Amino acid sequence: MGTHIISLMLTAVYAGTFDPVTHGHLDIIRRAAQLYDRLIVAVPRAGGSKQPLFSHAARLELLRAEVTGQSGIEVADFEGLLVDFARASGARLLLRGLRASSDFEYEFQMALMNRALAPDLETVFMITRPEYMFVSSSLIREVAAAGGDIAQFVPERVRTAIIAALAR
Ligand code: COA
């Protein structure tokens, strides 16, 4: 009789633009990594309607630098649909962070679209920690561009990268 290896490994994909990664994202990543065997943090090659400050490669590099050495976390890029990437990676879950109720409409729409495209995948939401409720990548870029202090919202490496990118 052949041996059947049944994989019980739970893989989740946390996708986003990460322009750049913030303490808010990293908090979700750290907490999710404790729940799932494998967490893939994924950055699409095409930025949608967003015009990012950082190149795709730079966003991946900043993410990698922050999660390096943490077991069970991978950083990946993908082309095309998130649901196709998730399936190809063996993931059953799409993870999203929720900050305020204002996120809900957009997240609800995306989750339903993803479900219509791939009924076998489930979207799971994690609520942000209150101290990161108002943090977003675009607001951080705006504060930094106006000379404000962003040290409490992003890791030091990211802060330095934002200042350098804005100076260019
Ligand atoms: N802490 C801090 N900020 C957070 C956060 C958290 N926990 N959670 C979300 N945000 C912020 C992000 O920084 C970002 O801020 P910004 O708009 O000011 O830059 C915003 O919330 C939402 O961005 P993000 O979580 O990166 O999602 P997104 O809307 O940029 O990305 C994708 C959405 C990448 C998941 C989606 O476009 C996608 O799946 N693309 C692939 C193509 C596809 O399948 N499309 C169909 C989707 S239905």
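The values are calculated or read from the model by the stated rules, or taken from the named source; none is laboratory data. All figures in this text were calculated on a predicted structure; none of them were measured in a lab. Please note: Cβ atoms are built from the backbone with ideal geometry, for glycine as well, and neighbour counts cover all protein chains shown. The accessibility values were calculated without ligands, DNA or RNA, using every heavy atom of the protein model including side chains. Shrake-Rupley method; radii C 1.70, N 1.55, O 1.52, S 1.80 Å.
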Label zone at Ala46, where the point sits 7 Å out along the Cα-to-Cβ direction: the stretch 56-91 residues whose backbone N lies under 15 Å: 78-85
Could you state the accessible area per residue of the stretch 11-134 in Å², with a 1.4 Å probe and every protein chain left in place? 52 Å²
How are the C-alpha pair distances of the chain spread across 10 Å bins, as whole percents from the shortest bin up? 9, 37, 37, 13, 3, 1, 0
The base-10 log of I(q)/I(0) that the Debye equation returns for the stretch 74-155 at q = 0.11, 0.13 Å⁻¹, one scatterer per C-alpha, is -0.41, -0.56
For the stretch 156-168, Karplus couplings with θ = phi - 60° (6.51, -1.76, 1.60), whole Hz, Gly/Pro x: 4, 4, 6, 4, 4, 5, 5, 4, 5, 5, 6, 6, 6
For Glu74, what is the net charge nearby, where nearby means another residue's Cβ is under 10 Å from its Cβ and Lys, Arg count +1, Asp, Glu -1? +2
Within the stretch 44-137, what whole-number % of the accessible surface is contributed by carbon and sulfur, with the 1.4 Å probe and all protein chains included in the calculation? 56 percent
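Can you give the net charge of the other residues whose Cβ lies under 11 Å from the Cβ of Met9, counting K and R as +1 and D and E as -1? Working shown, then result.
Working: positive: Arg38, Arg92; negative: Asp37.
So the environment of Met9 carries a net charge of +1.
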Unit Cα scatterers, Debye sum, the stretch 59-118: log10 I(q)/I(0) for q = 0.12 Å⁻¹: -0.40
What does the charge count around Asp19 come to, taking other residues whose C-beta lies under 11 Å from its C-beta (Lys +1, Arg +1, Asp -1, Glu -1)? +3
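Sum -39500 (n - 2.57) across every DSSP H segment of at least 4 residues in the chain, then divide by the residue count to get the 222 nm mean residue ellipticity, nearest 500.
Numbers: 6 runs with 67 residues, N = 168.
Estimated from H runs of four or more residues: -12000 deg cm²/dmol.
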